[in-house]
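A.B. asks: This structure is in structure tokens; I'll ask about it shortly.
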Amino acid sequence: MGGIINRKIIIGFLIAFSAVITFLQLSQRPEVETVRALAFARDVAKGERIAVSDFVEINILPQNTVDNMIIDANRIAGTRAALNLPSGMIVVADFFETSDDFQPEEGNSMTAIKMLPDSAICWTTKSGSVVSVCFVDDKGEMTMLGEVKLLGVYDQRLGNDETPMFAVVEGKRNVIDQIIQRRALGRLEFLLKK
């Protein structure tokens, strides 16, 4: 009977000793260095307009980096895919159309809205964001015109003290028509909703 108890004690001791050695070996493993990258969060079809939400941040091994790899989704938001891109693929600049010419999607129109710097203070958003456009007439009455997608914001130096900015937007034709008709009659404001 004493031999069985001694065997159980020795087996228990060996199992505990093995667990401690295994834990020590695993905890002393060197950390693997990784590099931040972007990958597609979903399949993207050729010609489809890209939004920031189409990407996910991942960590990859340094030897898996690729030339022209993009790590800032804002840099390509609003562009179109130049080819079919599968979910999980690392994002590379060559995957996107490089033309600066914006083309509206079927059934939509585009326009530019002038914004003065004083109306854009502390207001930032990303290309591809959807914002509501509100018209404010000379009497201060507000009319909601509808939603548009912000394709980009550009500043232009006109040689005066103020630097106007232009927001290029895309929306349904009736919303864009209202923006064009009313922009000389009052003020247009963007409303960002969450």
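A.B. asks: Please give the net charge around residue 93, taking every other residue with its beta carbon less than 13 angstrom from that of residue 93, where Lys and Arg add +1 and Asp and Glu add -1.
C.D. replies: Charge balance near residue 93 sits at -3.
A.B. asks: Please report, in Å, the Rg and the Dmax of segment 43-107, where both are computed over Cα atoms only.
C.D. replies: 12.3, 45
A.B. asks: Now for a separate question. Between residue 114 and residue 34, what is 0.36 nm times their sequence separation minus the Cα-Cα distance? Round to one decimal in nm.
C.D. replies: 24.5 nm
A.B. asks: Order 57-67, 37-47 from most to least packed using the mean count of other Cβ atoms within 10 Å.
C.D. replies: Final packing ranking: 37-47, 57-67.
A.B. asks: While we're looking at this one, here's another question. Using a Förster distance of 22 Å, how high is the FRET efficiency between residue 187 and residue 147, based on the Cβ-Cβ distance and rounded to 0.05?
C.D. replies: With a Förster radius of 22 Å, E is 0.75.
Values in this text are rule-based calculations from the coordinates and carry no lab data. Keep in mind that what you see is a predicted model, and the values were worked out from it rather than measured. Cβ coordinates were reconstructed from backbone atoms using ideal geometry, including for glycine residues, and neighbour counts include every protein chain displayed.
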